[in-house]
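Following: one structure in structure tokens, then a few remarks.
The values are calculated or read from the model by the stated rules, or taken from the named source; none is laboratory data. None of the values given here were measured: they were computed from a predicted structure. With ideal geometry, Cβ positions are generated from the backbone for all residues, glycine too; neighbour counts draw on all protein chains shown.
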């Protein structure tokens with residue numbers, strides 16, 4: 001019996017090594033160290049700039065959005081630098097958003113929103129970089145992998161709330177963490193960075209616990225220091241985050257299950273994964289259920305054919321990613337009672353709650369790209385793109401381009417931060433010196449009803465600006 005169990009475990013470990021937890025293929029870029037650093041810096045800068053332009057430079061850099069100001073920038077201003085770093089919000093730790101708020105608090109007051117938005121965009125760009133490396137074992141074709149990275153950084157299902165904002169940057173990190181948990185880096189240094197990334201994600205978003213089955217399989221298949229570093233990052237983060245979440249008494253919404261959640265999954269995740277929020281939403285508004293049913297039927301048929309004609313690694317990946325996508329969306333929207341909010345009603349679509357669709361949709365995109373990249377009978381070399389791959393890249397590019405612009409200055413961008421500072425300065429005493437503690441004025445941000453309280457002694461220069 002023991003020998004049989006040992007053989008079964010050994011066979012499973014071998015299957016996991018060969019099919020699920022893959023190493024990056026050995027391939028050089030042909031560039032020197034400094035050349036590679038320059039190219040990497042340029043690509044990260046491009047990713048940041050594109051995210052800022054999705055919202056509009058003035059809106060993204062010149063105003064706070066929702067919790068970015070009222071919670072994450074307010075924390076260090078009220079409690080002191082780094083004192084609020086491990087303070088829970090919404091029932092769990094949110095370390096990365098609070099770190100971004102700390103960065104904003106260290107900048108000149110008028111530049112705080114720009115610092116926070118740029119920091120959030122950089123976190124998303126780094127998530128794309130992590131996906132590029134971590135997905136290399138499963139998606140060997142650089143064009144397909146590049147399409148996945150572009151779809152990650154410029155997610156076509158992300159709404160106005162989830163772009164260039166600190167509050168929801170961890171959702172992109174969540175998707176990168178999914179890929180990191182499947183990755184075996186070639187170097188210890190790469191594994192250490194991957195483990196640190198996972199650690200920060202766990203301390204920022206409890207959605208990582210949807211990946212617990214992957215972690216359990218990786219524990220079974222663990223063999224070397226790289227496995228230990230990545231699993232250690234997950235385990236250490238969980239050891240800190242889980243007790244905080246369990247002990248939290250912060251009031252949150254009561255979970256609500258409704259059939260709208262299933263409908264929203266088909267609309268926001270399945271439709272969104274293929275066509276994006278804009279084009280997919282327009283198709284729903286124009287053709288409704290007949291369109292959505294036809295789309296789901298075609299995708300299901302393509303999935304069945306892909307599974308039959310693919311290799312074991314692709315089937316393993318689909319068996320992990322598809323249930324994770326479904327379970328993550330259904331449970332998250334149930335827990336946060338946003339099923340009715342995310343559902344598209346007849347002749348109408350919206351981007352409300354888009355953050356909950358980001359990772360589930362990207363997981364479905366990943367399944368499609370892995371199946372395309374790993375046919376049982378490849379007809380082209382590893383660096384060439386088959387016609388099906390070309391079609392997939394074209395569809396993803398269409399989704400990204402049509403859903404690229406999210407600019408809405410009335411909703412996100414008004415009032416500007418500097419205008420609000422000048423208006424708030426007028427409510428401060430002419431000479432706040434000598435008052436202990438100094439009085440604070442409410443500085444309004446977008447959307448409506450969000451404010452940041454700034455001490456009057458920090459508003460003196462803006463009072464002079466208002467007087468002009």
Qualifying residue in region 346-353 (condition: surrounded by fewer than 21 Cβ atoms within 10 Å (Cβ to Cβ) and assigned to a helix (DSSP H, G or I)):
no
Over 18 Å from the mean Cα position of the chain (by Cα), in a helix (DSSP H, G or I) and surrounded by 13 or more Cβ atoms within 10 Å (Cβ to Cβ), is that true of residue 75?
yes
Among (1) buried (at least 16 other Cβ atoms within 10 Å of the Cβ); (2) in contact with a helix residue (DSSP H, G or I) (Cβ under 7 Å, 6 or more places away or on another chain), there is one condition residue 334 misses while meeting the rest; what is its number?
(1)
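If the requirement is being buried (at least 22 other Cβ atoms within 10 Å of the Cβ), closer than 23 Å to residue 40 by Cα and at pLDDT below 95, which of these qualifies: 125, 164? Quick ask: steps written out before the conclusion?
Details: 125 fails: at pLDDT below 95.
164 is the lone residue from the list that is buried (at least 22 other Cβ atoms within 10 Å of the Cβ), closer than 23 Å to residue 40 by Cα and at pLDDT below 95.
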Would you call residue 99 over 22 Å from residue 156 (Cβ atoms), in a loop (DSSP other than H, G, I, E, B) and touching a residue at least 12 places away in the same chain (Cβ under 8 Å)?
no
Does residue 137 satisfy being outside the structural domain of residue 270 (by TED's automatic domain parsing), touching a strand residue (DSSP E or B) at 6+ places or on another chain (Cβ under 7 Å), buried (at least 22 other Cβ atoms within 10 Å of the Cβ) and modelled with pLDDT under 95?
no
Could you grab me the full set of residues in region 140-161 that are at pLDDT below 95 and not in a helix (DSSP H, G or I)?
140, 141, 158, 159
